[in-house]
Amino acid sequence: MLLRPGQRPGGWLGWFFERVNRFIDWTRRQYEEILKRLTRVKAIVVGIFILSLGVTGWLYISIPTAFIPDDDQGYFITLIQGPEGVSLNYTSKVMAQVEKEILKLPEVTGTFAIGGFGFSGNSANSGAIFSTLEP
């Protein structure tokens with residue numbers, strides 16, 4: 001299959017390709033046999049397919065999903081991204097302003113800010129504020 005008709009590589013390469021071709025032929029024969037058997041029992045195959053659709057629908061309805069997990073960790077993270085080329089001092093001032101606004105929320109018990117830190121890389125124009133919430 002991998003060479004033009006009539007060509008045969010020699011040595012270990014010929015042995016290897018012969019084994020690969022035998023495996024491909026065996027796989028093709030097995031697939032054909034399975035298809036022949038399945039076409040004889042079309043009603044059973046269609047029934048299994050419909051049953052599978054029903055089970056899939058039932059699982060979709062019965063398994064709970066949610067955007068927020070049930071085990072709330074009690075904090076949230078605010079990521080700060082400033083313009084390219086700004087200093088860490090500029091980023092720290094912006095983070096301090098954001099912290100003041102976050103602390104105005106009655107549910108927030110405290111904040112912890114890290115300047116120059118980001119989940120996508122560390123740079124002077126990025127930062128993260130971790131805010132803990134009341135239980």
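Could you tell me whether residue 94 is modelled with pLDDT of 90 or more, β-branched (Val, Ile, Thr) and either surrounded by 13 or more Cβ atoms within 10 Å (Cβ to Cβ) or more than 31 Å from the chain's Cα centre (by Cα) (or both)? Taking the combined requirement at face value, the residue satisfies it.
Filtering the range 107-127 to residues that are over 18 Å from residue 84 (Cβ atoms) and not aliphatic (A, V, I, L, M) leaves 107, 109, 110, 111, 112. Regarding residue 38, is this residue in a strand (DSSP E or B) and surrounded by 10 or more Cβ atoms within 10 Å (Cβ to Cβ)? In short, no.
Out of 119, 112, one residue alone is part of a strand (DSSP E or B), aromatic (Phe, Trp, Tyr) and touching a strand residue (DSSP E or B) at 6+ places or on another chain (Cβ under 8 Å). It is 112. Evaluation of residue 99 against the conditions (1) part of a loop (DSSP other than H, G, I, E, B); (2) among the charged types (D, E, K, R); (3) surrounded by 14 or more Cβ atoms within 10 Å (Cβ to Cβ) shows that the sole unmet condition is (1).
For residue 66, the test of being exposed (fewer than 10 other Cβ atoms within 10 Å of the Cβ), aliphatic (A, V, I, L, M) and either at pLDDT 95 or above or over 30 Å from residue 132 (Cβ atoms) (or both) is failed.
Does the range 104-134 hold any residues that are under 31 Å from the mean Cα position of the chain (by Cα), touching a residue at least 12 places away in the same chain (Cβ under 8 Å) and surrounded by fewer than 13 Cβ atoms within 10 Å (Cβ to Cβ), and which are they?
Taking the range 104-134 as the starting set, the residues that turn out to be under 31 Å from the mean Cα position of the chain (by Cα) are 111-133.
Right, trim to touching a residue at least 12 places away in the same chain (Cβ under 8 Å) and you get 111-116, 118-119, 124-133.
Within the range 104-134, 112, 119 qualify.
Cβ-Cβ distances below 8 Å connect the following pairs, each with a first residue in the range 2-23 that is at negative phi and at pLDDT below 75, a second residue that is part of a helix (DSSP H, G or I) and not basic (Lys, Arg), and a separation of six or more residues or different chains: 2/17; 2/20; 2/21; 3/17; 8/14; 9/17.
The values are calculated or read from the model by the stated rules, or taken from the named source; none is laboratory data. Not measured: the values here are computed from a predicted model. A quick note on method: Cβ atoms are made from the backbone with ideal geometry, for glycine too, and the neighbour counts reach across all protein chains shown.
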